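Data block below; observations after.
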Amino acid sequence: MLNSSLLAIWKVAARTIERTAAASFCLTLAILVTAPLHLDAAEIVEAANVRQGLFASCFVNEKEGWAVGDLGRIFHTTDGAKTWEIQSAGTKRPFVSVGCIDSNTAWIAGQAGDMAHTTDGGKTWTMQTSGTDRQILSVQFIDAQHGMAVGDFGTMLRTEDGGAHWMKVAVPADTQLPEDMIGIVEPGDIVLYSISYGDPQHIAIVGEFGVILMSEDGGQTFSSRASNVETTLFGVFLGEQGKGWAVGLEAEMLSTNDGGATWKREKVKTPAGFSLALYDIEVRGGLGWAVGNSGYLLTSNDGGTTWNLVEVPPQMGSYWFREVSLLPNSKGFVVGSTGLILTLEGTKFTASKPKL
C-alpha cells in the first residue's frame, strides 16, 4: 500500500504524463510575425500528398473548408478536399484549432496563444492578440463577432468583436474535480480541450478529470456539471433539441438530453482487446461520427442513440483521427495524422491516401 503522501505524488506525476501525451501534438518551434501575410503564388497539393499531421478542420459546405496542423500549415480547399491550397499566417508553430462561419471568415489558434484571423478566404491572415501565452486548444465562433477559446491551465477567453479583443473568463471555483485531486490541483490549472455552441447563449466546454462546464449567457459565466467520470474529455458537441455528446480517453462517451444539465455514460464498442481514446464527435440530423486513436471510428444512423464500430483496413490502425466536420447533407470530413483525410458519405468513408 502507498501512503497518502506517496499516492498524491504518484497521481500528480501520472497527470503530468497524461497531459504531456494529450498535448504532444502541439510541440514544435516557431518564428512568429504579426503583420498580415499574403502569399502571391499559392501552392496547391493533392490530398494524397499532404504529409503534415492535421489537428482540426472546419467546412462551410461540402466543397470549401480549412484544415490546420503541423509547422503552422493552413490548408484551404474549394473542391471537397481533393486538392488543398497552402496558406500561411507567418508562423511555424502548429495550429490545433480552426473555426469558420462562411467562405471568407475564419479563425485559427494554437501554441503560445497564437491566434490568426482571415476575412478574405485565407488570402491574408492577420495575427490577433489573444492575451495569453498558453496553448489554445479550441476556438469556436457562433457568428462574426462572438467566439470563445480554451486551452491549457484553465485558459478561457471570449470575444464580442471578432477577436480584436479577448476577455478572460474565470473557471468556476466549484468545478468538480476527483476527490483525490482536491488540494493538489486547482480548478484554474485544468486543461480545457473543446468548445461547442448549441446556440448563441448555450456553450459547453470539456477538459481533463471529466470536467464539463456549461454557460447559459453566451460565455460570460460558466457553471460545473457532474460528468460522473474522471477521465480526460477531448471533444464535445451540442446538437438539436437539447441533445449533446462528449468523448475522451478509454473510449469514454457521455450524452445529455437536457441541454447539458445532466450527463450519462454511453457504452460503445471498441476494437477487440483495446480501450482507445475518442477525440471528437459530431451529430447532424440522424448521422453521427466519433473519431479517435489507432484508426478508431464510430458511426450512428439514429441521431446518436446507438453507435457502431467502423471496420477499417489493418494499416489504418497506425493513424489517429483528431477531428470530424459534418454537414447537414450527410457528408463530412475527418482529419488526422500524416495528412490523412477521410471524405464521409453517410456512414461510409473514402480515404485520401492510396491503399487505405
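The values are calculated or read from the model by the stated rules, or taken from the named source; none is laboratory data. Since this is a predicted model, take the numbers as computed values, not measurements. Cβ: placed from backbone, ideal geometry, glycine included. Neighbour counts: every protein chain shown.
In region 66-95, the residue that is modelled with the highest pLDDT out of those that are in contact with an Asp or Glu (Cβ under 9 Å, 6 or more places away or on another chain) and at positive phi is 80.
For region 53-85, residues that are more than 14 Å from residue 121 (Cβ to Cβ) and not charged (D, E, K, R) total 13. Those strands (runs of 3 or more DSSP E) of region 46-147 in which at least 3 residues are aliphatic (A, V, I, L, M), considering only elements entirely within it, cover 106-110, 136-141.
Of everything in region 197-218, what is within 16 Å of residue 233 (Cα to Cα) and not acidic (Asp, Glu)? Give them in sequence order. Once the filter is applied, which keeps residues that are within 16 Å of residue 233 (Cα to Cα) and not acidic (Asp, Glu), region 197-218 yields 203, 204, 205, 206, 207, 209, 210, 211, 212, 213, 214. Which one is nearest to residue 151 (Cα to Cα) among residues in region 232-246 that are of a type outside the set (Lys, Arg) and assigned to a loop (DSSP other than H, G, I, E, B)? Top of the filtered list is 232.
Out of the residues in region 178-194 that are in a loop (DSSP other than H, G, I, E, B) and under 22 Å from the mean Cα position of the chain (by Cα), state the one that is farthest from residue 98 (Cα to Cα). Steps first, answer last, please.
Taking region 178-194 as the starting set, the residues that turn out to be in a loop (DSSP other than H, G, I, E, B) are 178, 183-184, 186, 190-191.
Those left that are additionally under 22 Å from the mean Cα position of the chain (by Cα): 190-191.
Numbers: 190: 22, 191: 18 Å.
The selected residue is 190.
Contact map, region 342-356: first residue part of a strand (DSSP E or B), second residue surrounded by fewer than 16 Cβ atoms within 10 Å (Cβ to Cβ), Cβ cut-off under 9 Å, separation 6 or more or different chains; pairs are 342/350; 343/82; 343/350; 344/350; 351/313.
Per-residue answers, yes or no, for (1) over 17 Å from residue 148 (Cβ atoms); (2) in contact with a helix residue (DSSP H, G or I) (Cβ under 9 Å, 6 or more places away or on another chain); (3) among the polar types (S, T, N, Q):
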position: 186; (1), (2), (3): yes, no, no
position: 209; (1), (2), (3): yes, yes, no
position: 228; (1), (2), (3): yes, yes, yes
position: 248; (1), (2), (3): yes, yes, no
position: 255; (1), (2), (3): yes, no, yes
position: 261; (1), (2), (3): yes, no, no
position: 271; (1), (2), (3): yes, yes, no
position: 274; (1), (2), (3): yes, no, no
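Against the numbered list (1) within 22 Å of residue 280 (Cα to Cα); (2) touching a Ser or Thr at 6+ places or on another chain (Cβ under 9 Å), residue 90 comes up short only at (1).
For region 206-227, check the following and say yes or no: at least one residue is touching a residue at least 12 places away in the same chain (Cβ under 8 Å), closer than 17 Å to residue 291 by Cβ and touching a Leu at 6+ places or on another chain (Cβ under 6 Å). Among the residues of region 206-227, at least one is touching a residue at least 12 places away in the same chain (Cβ under 8 Å), closer than 17 Å to residue 291 by Cβ and touching a Leu at 6+ places or on another chain (Cβ under 6 Å), which makes the answer yes.
Against the condition in a strand (DSSP E or B) and surrounded by 14 or more Cβ atoms within 10 Å (Cβ to Cβ), how does residue 229 come out, does it pass? Full working, then the answer.
Numbers: in a strand (DSSP E or B): no; surrounded by 14 or more Cβ atoms within 10 Å (Cβ to Cβ): yes.
Taking the combined requirement at face value, the residue does not satisfy it.
Reported count of residues in region 243-280, each being over 18 Å from residue 223 (Cα atoms) and among the hydroxyl-bearing types (Ser, Thr, Tyr), is 3.
Within region 260-276, the residues that satisfy the criterion of being farther than 16 Å from residue 211 by Cα and in a loop (DSSP other than H, G, I, E, B) are 267, 268, 269, 270, 271, 272, 273, 274, 275, 276.
Take region 147-194 and flag every residue that is of a type in the set (A, V, I, L, M, F, W, C), touching a residue at least 60 places away in the same chain (Cβ under 8 Å) and crowded, with 19+ Cβ neighbours inside 10 Å.
Residues of region 147-194 that are of a type in the set (A, V, I, L, M, F, W, C), as a first pass: 148-150, 153, 156-157, 164, 166-167, 169-171, 173, 177, 181-182, 184-185, 190-192.
Filter once more, so that each one left must be touching a residue at least 60 places away in the same chain (Cβ under 8 Å): 148, 156, 181, 184-185, 191.
Selection gives 148, 156, 191.
Of all residues in region 299-316, those satisfying the criterion of being touching a residue at least 40 places away in the same chain (Cβ under 8 Å), not in a loop (DSSP other than H, G, I, E, B) and not polar (S, T, N, Q) are 309, 316.
Residues 232, 221, 175: which one is modelled with pLDDT under 95 and of a type in the set (Val, Ile, Thr)? Reasoning before the result, please.
Working: 232 fails: modelled with pLDDT under 95; 221 fails: modelled with pLDDT under 95.
Only one candidate passes the filter, namely 175.
Residue 130 falls short on exactly one of the conditions (1) farther than 24 Å from residue 168 by Cα; (2) polar (S, T, N, Q); (3) under 20 Å from the mean Cα position of the chain (by Cα), and that condition is (1).
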